[in-house]
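For reference, the structure discussed in these notes is given below.
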Amino acid sequence: MNKKKTSLKDIAQKAGVSTALVSYVLNGKEKESRVGEEIAARVRQIASELNYQPNYLAKSLRSGRTRTLGLIIADISNPFFANIARIVEDEAKKNDYTVIIGSSDEDADKSWDLINVLINRQVDGFIIVSSEHTEEQIQYLKNRNIAFVLLDRYFPDIDTDYVALDNYQAAYQAGLHLVEGGYRHVGFVAYRSQLFHMRERIRGYVDALRGSEAGFCPEWLTEVEFTNVDLEVRAGIDLMLAAEKPIDALIFATYRLAISGLKYINELGLNVPDDLAIVSFGQAEAFDLYYCPVTYLQQPMEALGKTSVDVLINKLKDSQQERKQILMEATLIARNSSKIKVLVD
């Protein structure tokens, strides 16, 4: 037989006070109700002894809030997004919110399914790392006045709250770092995507080369499909090495692309950085384990995750507040994979 669940009335009877007073104390309103500290402490102690568990469903019905947030990330297998999810969850917990996490796997249909499921679960708001072709989903949330914040990726044509990296600045910094290190034929591997953050990374890279003595050659830019990464990265590297001006350095637009590319570079027997210098977006342990520590653009994950939660919670408190559109800067961590090239006359 199941043990009867402890009620506010049970605590009140044992403490010798009213049910209303118990409710005030357990909801943190003892000061408002002028309940003495000694009585409040006794009520909390009895509640603990009786293993009292609040009825969150009843509480949410009264308040109209479930104290839950929906987090939709693009790919849970990506270390960057896995870490972001942990940061968001920890920050939400500090604010007494629970997070329900779903991964769209870079698929718009799955993203739409997750949004509907989370709406049905009555989450108070969303934090979303958008996948491609989800503009209508974002517009739908906006039209329904559902609170949300876009994280890491946003759509410049839709006026929304977002917290993201300044991807143009980060890619420009990577290109400039290699050019200043003596590299003149700098390649770039990116996803073939219309997502704004990816187009900005490409634009930053191209502008860095065009504004330098190195110049930009279209043959040095490779774009690959999400669904065929390994084969297309290999083919792209082959083409860039066989170009009229073969690349002497390579920037990867994401961690996953870097891992695929580094595996192939090893297979080709190329030495990093003597044959090919490397810079990548995204920090991960694999970059430390590689025989030549990889230079990377460190994204402010902690700040991105925490700020997205803060923006959403403030939005839930006041839906009329001004839009928050926050761009953060990456930090280039220079290591051996892009050491200064020794130029021979």
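Computed from the coordinates by the stated procedures, all read-outs in this text should not be read as laboratory data. Owing to the predicted nature of the structure, the values given are computational and were not obtained by experimental measurement. Here Cβ is always computed from backbone atoms with ideal geometry, including for glycine, and neighbour counts include all displayed protein chains.
The helix-based estimate of mean residue ellipticity at 222 nm for the chain, built from -39,500 (n - 2.57) per DSSP H run of four or more residues and divided by its residue count, is -13500 deg cm²/dmol to the nearest 500. If you plug the beta carbon distance of Leu289 and Glu213 into 1/(1 + (r/R0)^6) with R0 = 45 Å, you get a FRET efficiency near 0.80. Cross-linked pairs Lys306/Lys341; Lys110/Lys263; Lys142/Lys317; Lys5/Lys306: Cα-Cα separations exceed 28 Å for Lys306/Lys341; Lys110/Lys263; Lys5/Lys306. In the chain the longest region clear of GluC sites (Glu not before Pro) that are loop-assigned by DSSP and have at most 15 other C-beta atoms within 10 Å covers 33-212. In a DSSP loop and with at most 16 other Cβ atoms within 10 Å, the trypsin sites (Lys or Arg not before Pro) in the range 116-196 are Arg121, Arg144, Arg192. Remark: the chain carries a charge dipole of roughly 2260 debye about the Cα centre, counting +1 on each Lys and Arg Cβ and -1 on each Asp and Glu Cβ.
Compared with the dominant Cα axis of the chain, that is its longest principal axis, helix 167-180 is turned about 30°.
Could you work out how far helix 108-120 tilts from the main Cα principal axis of the chain, as a 0 to 90 degree angle to the nearest 10? That helix lies at roughly 10 degrees to the long axis.
Going toward the positive end of the dipole of the chain, with +1 on Lys and Arg Cβ and -1 on Asp and Glu Cβ, which of Ala214, Thr66, Ala253 do you reach last? Highest projection toward the positive end goes to Thr66.
Candidate cross-link partners of Lys339 among the aspartates and glutamates, defined by an alpha-carbon separation under 17 Å and a same-chain spacing of 8 or more, comprise Glu180, Asp248, Asp274, Asp275, Asp288. Computed from phi, the 3J(HN,Hα) profile of the range 318-323 under the Karplus parametrisation 6.51, -1.76, 1.60 (θ = phi - 60°) reads 8, 5, 8, 5, 5, 4 Hz, with x in place of Gly and Pro. Multiplying each eigenvalue of the alpha-carbon gyration tensor of the range 107-150 by 5 and taking the square root yields semi-axes of 15, 12, 9 Å, largest first, rounded to whole angstroms. Here the Kirkwood formula, the inverse mean of 1/r across different C-alpha pairs, assigns the chain a hydrodynamic radius of 23.0 Å.
Structure remark: mean-square fluctuation, Gaussian network model of the chain, C-alpha springs under 10 Å; the largest value among Ala334, Ala12, Ala243 belongs to Ala12. Nearest 10 degrees, 0 to 90: what angle lies between the long axis of helix 196-210 and the longest principal axis of the chain (Cα atoms)? Roughly 30 degrees between the two axes.
One chain, two ends: Asp96 and Thr6. Fully extended at 0.36 nm per residue, the span grows by 30.2 nm beyond their Cα-Cα distance.
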